[in-house]
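Take a look at the structure below.
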Amino acid sequence: MKSTLSEIGSSPFQAVATLGAVGLFLVRILGAIPRALARPRALIEQIFVVGAVSTNLILVGGLFVGLVMGLQFYTALARFGATSALGGLVALSLLRELSPVVTALLYAGRAGTSLASELGLMRATEQFKAMEVMAVDPVERVVAPRFLAGVLSVPLLTALFSAVGILGGYLVGVRLMGLDPGVFWSNLRASVRFRQDFLNGEFKALVFGILCTLVALYEGYHSDPTAEGLGRATTRSVVIASLAVLSCDYLMTAFLYR
Amino acid sequence: MTKIPRAGGPPAGPVNDEAAVRLVGASLRRGGREILRDLDLVVPRGRITAVMGPSGTGKTSLLSLVSGELAPSKGQVFVEGQDINTLDRRRLYALRRRMGMLFQEGALFTDLSVFDNVAFPLREHTRLPEALVRVIVLLKLEAVGLRGAADLYPSELSGGMSRRAALARAVVMDPAVVLYDEPLTGLDPISMGVILRLIRDLNRTLGLTSVVVSHDVQEMLSLADHFYVLADGRLIAQGDRESLRAQAAASPWVRQFLEGEADGPVPFHYPARPLWDDLLGGEAA
Ligand SMILES: Nc1ncnc2c1ncn2[C@@H]1O[C@H](COP(=O)(O)OP(=O)(O)OP(=O)(O)O)[C@@H](O)[C@H]1O
Ligand SMILES: [Mg+2]
């Protein structure tokens with residue numbers, strides 16, 4: 001039986017069946033990870049492929065989000081005469097919320113789709129079958145390294161996003177609006193706590209990385225072996241991963257920041 | 001059943017059966033239809049066995065049964081004396097290491113060059129030094145005439161070249177059993193001759209067992225030692241060249257296929273209601 005993630009809504013039975021199938025797929029991947037770790041070269045190559053394709057996007061995205069926040073928060077804070085709090089506010093919004101979520105969405109759109117279409121192509125051209133017949137487990141050889149690479153990349157990309165975003169906030173606040181740089185940085189350092197803000201954000205990023213990568217790999221690996229199947233898997237991987245990230249974000253925020 | 005003498009070459013693995021592959025009463029359902037029915041088929045070790053039949057009769061599906069990719073809905077499939085559907089994953093993989101398969105569409109890895117495609121099984125399953133891998137791969141590529149194309153990617157190959165590259169990959173581990181799915185379609189006469197000779201040479205020098213699926217009747221008659229003709233999910237003829245000719249004389253089914261006539265008892269059409277009903281009846285069923 002083959003069930004795709006978009007069928008989750010069609011009936012309660014289907015929802016359970018699909019989640020079960022995804023869960024089993026995850027278990028299979030996790031079981032293959034020790035053997036995937038035994039080939040560090042393939043893994044590093046995948047981190048490079050999966051992580052590096054999203055880097056430029058993250059740099060540009062992070063910078064613009066930071067610039068916009070600098071502008072918006074500065075104007076809002078100016079109404080209360082509290083512009084000195086700009087640094088902290090920008091950093092906290094990024095670290096706790098915006099960086100993990102926006103990074104995950106950009107990652108799903110860039111790396112996720114390319115993972116799904118890569119696997120969909122391998123499915124459509126019988127490459128998985130060929131591997132099976134050569135006694136090579138495709139989950140171990142193809143899926144597991146990509147999973148690890150994705151899961152490791154998203155937290156790194158998230159940290160990068162935050163760094164560039166803070167730089168954007170600094171540029172607007174200090175260079176454009178004339179805030180004192182010392183005030184900006186000291187406020188930032190006084191308000192950010194390492195564990196509660198930075199690590200919790202990174203934890204979110206880790207969960208989003210697992211979600212987005214798992215969805216992309218599941219959809220690609222289980223796509224119909226046709227050209228349409230490939231296209232459908234690619235589209236689905238973004239839609240489902242984005243929804244999963246946004247809904248999961250609410251739950252995690254509710255539990256992490258009580 | 002007649003005992004078939006074992007050909008030269010070291011017997012691979014636990015050999016307690018003169019047949020490399022044996023199907024016992026195997027049926028296969030696919031897409032709600034029974035496409036193979038009660039098949040009894042023996043592939044003698046060390047020989048070339050041809051499975052012929054019209055398009056869509058389930059030749060590729062038959063190979064999937066042998067590779068263990070599909071399970072029969074009824075009956076059993078033995079490869080090298082082991083029931084392939086009772087094996088756990090580890091044993092199945094151990095068995096598959098001694099099998100090579102040429103896919104109908106090649107199934108080359110699109111992100112690897114021709115060289116790396118052929119080297120793939122060696123690198124996965126052996127710890128040979130890279131220099132030796134290089135030698136083995138180049139020799140196999142030389143045999144299929146693609147040594148010069150070693151650095152090309154599958155997207156840069158023609159259909160026939162992909163087929164030959166896939167063939168080199170299928171035999172690079174010197175398997176005991178090789179399954180060839182349509183090795184000749186889409187090849188020019190020269191490559192066809194090269195591939196036929198290659199299949200024969202591999203079979204003779206390595207003593208391996210070959211199963212060749214094809215509908216090129218004349219080529220198969222010159223290549224293979226043993227024949228099975230499938231039509232409509234059943235075997236309609238089997239045996240060596242002479243007995244096949246004798247059966248053709250006796251059975252219009254076999255004659256039709258061997259001589260390529262469109263009219264005859266072998267259905268050329270996918271099962272359907274009568275043409276008139278479709279043309280005139282519209283939606284009426
Ligand atoms: N994935 C599938 N799901 C359902 N039915 C299938 C599937 N693949 C093949 N079939 C059906 O099984 C039958 C046999 O297909 P198969 O590919 O084995 O034929 P074949 O003998 O190899 O044909 P050809 O000579 O054209 O390659 C066909 O009627 C086809 O409709
Ligand atoms: Mg076929």
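The values are calculated or read from the model by the stated rules, or taken from the named source; none is laboratory data. Worth saying up front: this structure is predicted, and the values here are computed from it rather than measured. For neighbour counting, all protein chains shown are included, and Cβ atoms are generated from backbone atoms with ideal geometry for every residue, glycine included. Protein only, heavy atoms only, side chains kept; ligands, DNA and RNA dropped before computing areas. Shrake-Rupley method; radii C 1.70, N 1.55, O 1.52, S 1.80 Å.
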2 or more residues in contact (Cβ under 8 Å) with a residue 12 or more places away in the chain, open to solvent by less than 40 Å² (accessible area, probe 1.4 Å) and closer than 30 Å to B:F120 by Cα: qualifying strands (runs of 3 or more DSSP E) within the stretch B:156-268: B:177-181, B:209-214
Report, ordered by the first and then the second residue, all pairs with beta carbons closer than 6 Å, sequence separation of six or more or different chains, a first member in the stretch A:208-231 that is part of a helix (DSSP H, G or I), and a second member that is open to solvent by 10 Å² or more (accessible area, probe 1.4 Å) and β-branched (V, I, T). A:G209/A:V151; A:I210/A:V151; A:T213/A:V151; A:V215/A:I240; A:Y218/A:V22
If I ask for residues that are away from ligand 1 (no atom under 13 Å from the Cβ) and open to solvent by less than 60 Å² (accessible area, probe 1.4 Å), which ones from the stretch B:28-49 would you list? B:L41, B:V42, B:V43, B:P44, B:R45, B:G46, B:I48, B:T49
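Yes/no matrix, rows are residues, columns are (1) touching a residue at least 24 places away in the same chain (Cβ under 8 Å); (2) open to solvent by 40 Å² or more (accessible area, probe 1.4 Å); (3) not in a helix (DSSP H, G or I):
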site	(1), (2), (3)
A:L106	yes, yes, no
A:A111	yes, no, no
A:L121	yes, yes, no
A:K129	no, yes, no
A:E140	yes, no, no
Going by the conditions given, is A:R96 on the phi < 0 side of the Ramachandran plot, within 14 Å of chain B (Cβ to nearest Cβ), outside any loop (DSSP other than H, G, I, E, B) and open to solvent by 30 Å² or more (accessible area, probe 1.4 Å)? no
Every residue in the stretch B:169-220 that is under 22 Å from B:T110 (Cα atoms) and either within 16 Å of ligand 1 (Cβ to nearest atom) or among the β-branched types (V, I, T) (or both), please. B:V171, B:V172, B:L179, B:Y180, B:D181, B:E182, B:P183, B:L184, B:T185, B:G186, B:L187
Restricting to the stretch B:94-126, name every residue that is open to solvent by 30 Å² or more (accessible area, probe 1.4 Å) and within 11 Å of another protein chain (Cβ to nearest Cβ). B:A94, B:R97, B:R98, B:Q104, B:E105, B:T110, B:D111, B:L112, B:R123, B:E124, B:H125
From the options A:A149, A:A135, A:A159, residue that is under 30 Å from A:G229 (Cα atoms), under 12 Å from the mean Cα position of the chain (by Cα) and of a type in the set (A, V, I, L, M): A:A149
Evaluate the following for B:V137: is it more than 8 Å from chain A (Cβ to nearest Cβ), of a type in the set (V, I, T), open to solvent by less than 30 Å² (accessible area, probe 1.4 Å) and free of Cβ contacts under 8 Å to residues at least 40 places away in the same chain? yes
Of all the residues that make up the stretch B:55-77, how many are open to solvent by less than 50 Å² (accessible area, probe 1.4 Å) and out of contact with any helix residue (DSSP H, G or I) (no Cβ under 7 Å at 6 or more places or on another chain)? 10
Hits in the stretch B:18-69 - residues which are among the aliphatic types (A, V, I, L, M) and under 19 Å from B:Y270 (Cβ atoms): B:L28, B:I35, B:L36, B:M52, B:L62
Quick test of your reading of the structure: B:Y93 fulfils all but one of (1) more than 23 Å from A:T226 (Cβ to Cβ); (2) within 16 Å of ligand 2 (Cβ to nearest atom). Name the failing condition by number. (2)
